[in-house]
Every structure is written in C-alpha cells, then in structure tokens.
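Each remark here refers to the structure printed beneath this line.
The values are calculated or read from the model by the stated rules, or taken from the named source; none is laboratory data. None of the values given here were measured: they were computed from a predicted structure. In this analysis, Cβ positions are derived from the backbone assuming ideal geometry, glycine residues included, and neighbour counts consider all displayed protein chains.
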Amino acid sequence: MSVKGGTIRANLTLLLGLALLAFPVRAQGQAQNAPEDQVKAAYLFNFAKLGEWPHGALPDGPSPLVVGVSGGDAAFLDVLKAVVSGKAVGSHALLVRSVSSEEDMKACQIVFFRASEKKHIQTAIAGLTQGGVLLVGEDESFLGQGGMINLVRDHGSVRFEINADALDRSQIHFSSKIMALAKSSGAAPATASNAPGETGRRLEHSAPPEYPAIAEKLKLTGTVQVQALVKADGTVTDVTVLGGHPLLADALVRAVKQWKYQPAQKETMEVVKYSFTPR
C-alpha cells in the first residue's frame with residue numbers, strides 16, 4: 001500500500017441491481033436486510049479479487065481462497081455463498097464458511113466480523129498476528145480495534161473505510177484499482193448514470209452494452225459500475241466489476257473492452273456506470 005497511516009474513507013456505493021429471485025428469501029423479516037447483505041457480500045467478493053496475498057498465505061495452485069464469517073446468522077452466509085458460487089480468483093476457488101475459533105480464522109484469507117461479535121473482535125484480532133488474513137468488519141469501532149477494512153452505512157449507502165497501517169502489516173496488497181476508490185474521499189456518493197469515463201478522459205469510440213435477452217425477459221433493471229484500465233494509447237486492457245447484477249455486469253464488461261479513449265501520457269483508471277432498463 002502506498003498510503004500510510006490513518007483511516008481512508010472510500011466514498012463508493014456498490015450499486016447492485018440484484019434480483020430477489022437470485023437470492024431466495026425465506027421470511028419477510030429477512031427480505032428487509034437482503035439488499036444490504038448483498039452489497040456487503042459483493043464488497044467481500046471484490047476484496048478477494050483485488051487483493052494480493054503473500055505466497056505463504058495463498059500459495060500457487062488449486063488451494064481455495066477461504067472467506068470466513070464470524071457471527072451473524074445463516075441468511076448472510078447463504079447470500080455470500082450465492083454471490084461467489086462458481087467463481088474463482090486465478091486458480092483459487094472461493095470457499096465460504098462460518099468461523100468461531102482462532103484456528104478457524106487462521107485458515108482463512110478473509111475474515112468478516114459481523115456486528116454481533118463486537119465484544120469478541122479485539123481478542124480475535126489480537127490472536128491473528130500472522131500476516132495474510134484480511135480482517136473486515138461492520139462496526140464503527142472495528143478499525144480502532146485493529147481491523148483493516150470496515151463496511152459502514154452512510155445516508156443509506158454502504159461504504160468502506162481502510163486502516164492503512166493495519167493493512168500494511170498484514171502483507172496483503174491492493175492494486176491501484178482499490179486505492180483509486182479510496183482516494184475518492186470527500187466526493188458525493190456515486191449515482192446512477194449512463195455517462196462513461198467519469199474521470200475526465202474522453203472517449204473516441206464507444207457502443208452501449210447489449211441488454212442480455214434473459215435479463216430483459218426477467219425484467220432485470222439496475223446500475224452496473226465497472227473500472228477500466230486504459231493504456232496510454234486509449235485501448236482498454238482490463239475491466240473490473242465494482243457492483244451490479246452479474247448478468248448485467250457481464251454485458252457492460254464486454255462493451256467497455258471494445259471502447260477506445262483519447263490518448264494520454266500514461267495509463268489511467270476510468271470508472272464507468274451504466275443503468276440498464278428493459279426496452
């Protein structure tokens with residue numbers, strides 16, 4: 001990490017157009033929490049994709065990348081499992097499990113502490129002194145207890161804060177993609193928009209994404225947000241999904257990979273947001 005000390009608030013809202021049919025809800029009370037759970041699950045998935053673990057914590061090969069959840073109920077585990085189902089980070093399949101003991105947590109690459117574990121978090125973190133475990137929480141005191149990334153609610157949005165010192169000590173590194181999000185501190189929350197290339201680099205050529213036939217049939221709507229790595233010559237070399245329903249996100253990724261930006265002196269990261277509505 002190139003930023004030292006303090007807490008960085010990333011003023012990013014993951015705008016998810018997730019259909020409830022993709023994550024069945026068994027009770028009316030759970031339905032009220034489902035959208036926030038889906039956003040937090042999407043954050044955990046993106047942290048897994050963007051993080052670079054030390055070799056000893058995540059060796060090359062087919063070993064799984066384990067996301068442990070401490071506390072909470074089974075409903076969140078079901079949502080998180082649905083979000084990562086069938087997905088992998090490189091050669092590592094994503095595995096979700098409930099954890100409670102220190103040994104369980106040491107076997108994970110990510111541990112997400114639910115707010116219900118507030119009284120036990122500091123003790124748990126103190127036992128995880130080895131590097132290679134990303135500690136994520138959702139309580140306002142989490143970073144002060146030694147946590148690394150905290151998911152917080154702010155004016156109806158879910159955002160994240162980073163304890164840069166704790167993250168550095170973990171030896172887990174994030175590329176400029178995640179740091180670019182953290183640098184948006186002080187900006188207004190992201191809103192739905194069809195305007196691509198919001199960092200100021202103009203497009204020379206773009207075509208709107210094709211609305212997936214199955215998504216149109218299901219009448220899925222929502223906003224997708226992606227981040228594109230654009231070379232100095234204006235070509236897009238990589239696109240990372242930051243939020244959105246997988247069906248809609250895939251369509252936007254395919255479109256953005258074909259876009260061409262104006263040349264610049266160096267490569268840049270361009271944030272693209274697109275709202276899908278049935279025709």
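Tabulated results
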quantity: Within region 259-277, tally of residues that are out of contact with any Gly (no Cβ under 8 Å at 6 or more places or on another chain), charged (D, E, K, R) and touching a residue at least 60 places away in the same chain (Cβ under 8 Å); calculated: 1
quantity: Which listed residue, of Ala41, Ala93, Ala57, Ala34, is of a type in the set (Gly, Ala, Ser), part of a helix (DSSP H, G or I) and modelled with pLDDT of 80 or more; calculated: Ala41
quantity: Which numbered condition Ile121 fails, given (1) touching a residue at least 24 places away in the same chain (Cβ under 8 Å); (2) surrounded by fewer than 13 Cβ atoms within 10 Å (Cβ to Cβ); (3) outside any loop (DSSP other than H, G, I, E, B); calculated: (2)
quantity: Breaking point among (1) surrounded by fewer than 16 Cβ atoms within 10 Å (Cβ to Cβ); (2) closer than 25 Å to Gln130 by Cα, for Ser70; calculated: (1)
quantity: Test: residue in region 102-110 that is surrounded by 15 or more Cβ atoms within 10 Å (Cβ to Cβ), in contact (Cβ under 8 Å) with a residue 24 or more places away in the chain, more than 17 Å from Ser170 (Cβ to Cβ) and not acidic (Asp, Glu); calculated: no
quantity: Residues within region 101-124 that are of a type in the set (Val, Ile, Thr) and more than 17 Å from Leu44 (Cβ to Cβ), tallied; calculated: 1
quantity: Test set (1) free of Cβ contacts under 8 Å to residues at least 40 places away in the same chain; (2) buried (at least 17 other Cβ atoms within 10 Å of the Cβ); (3) closer than 29 Å to Val239 by Cβ - Ser85 fails condition number; calculated: (2)
quantity: Region 96-115: number of residues that are assigned to a helix (DSSP H, G or I) and under 20 Å from the mean Cα position of the chain (by Cα); calculated: 1
quantity: Residue match in region 116-129 (condition: assigned by TED's automatic domain parsing to the domain that holds Ala48 and within 17 Å of the chain's Cα centre (by Cα)); calculated: no
quantity: Scope region 66-80; condition over 18 Å from Leu242 (Cα atoms) and either in a helix (DSSP H, G or I) or without any contact (Cβ under 8 Å) to a residue 40 or more places away in the chain (or both); matching residues; calculated: Asp73, Ala74, Ala75, Phe76, Leu77, Asp78
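Residue-wise test of (1) touching a Pro at 6+ places or on another chain (Cβ under 7 Å); (2) more than 22 Å from Val89 (Cα to Cα); (3) of a type in the set (Phe, Trp, Tyr); (4) at pLDDT below 80.
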residue: Ser170; (1), (2), (3), (4): no, no, no, no
residue: Ser175; (1), (2), (3), (4): no, no, no, yes
residue: Gly186; (1), (2), (3), (4): no, yes, no, yes
residue: Thr191; (1), (2), (3), (4): no, yes, no, yes
residue: Leu203; (1), (2), (3), (4): yes, yes, no, no
residue: Ile214; (1), (2), (3), (4): no, yes, no, no
residue: Leu220; (1), (2), (3), (4): no, yes, no, yes
residue: Leu229; (1), (2), (3), (4): no, no, no, no
residue: Ala251; (1), (2), (3), (4): yes, no, no, no
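Matching residues to (1) over 14 Å from Ala42 (Cβ atoms); (2) in contact with a strand residue (DSSP E or B) (Cβ under 7 Å, 6 or more places away or on another chain); (3) free of Cβ contacts under 8 Å to residues at least 60 places away in the same chain; (4) outside the structural domain of Lys40 (by TED's automatic domain parsing):
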| residue | (1), (2), (3), (4) |
| --- | --- |
| Lys219 | yes, no, yes, yes |
| Val226 | no, yes, yes, yes |
| Val230 | yes, yes, yes, yes |
| Thr237 | yes, yes, yes, yes |
| Leu242 | no, yes, no, yes |
| Asp250 | yes, no, yes, yes |
| Lys257 | yes, yes, yes, yes |
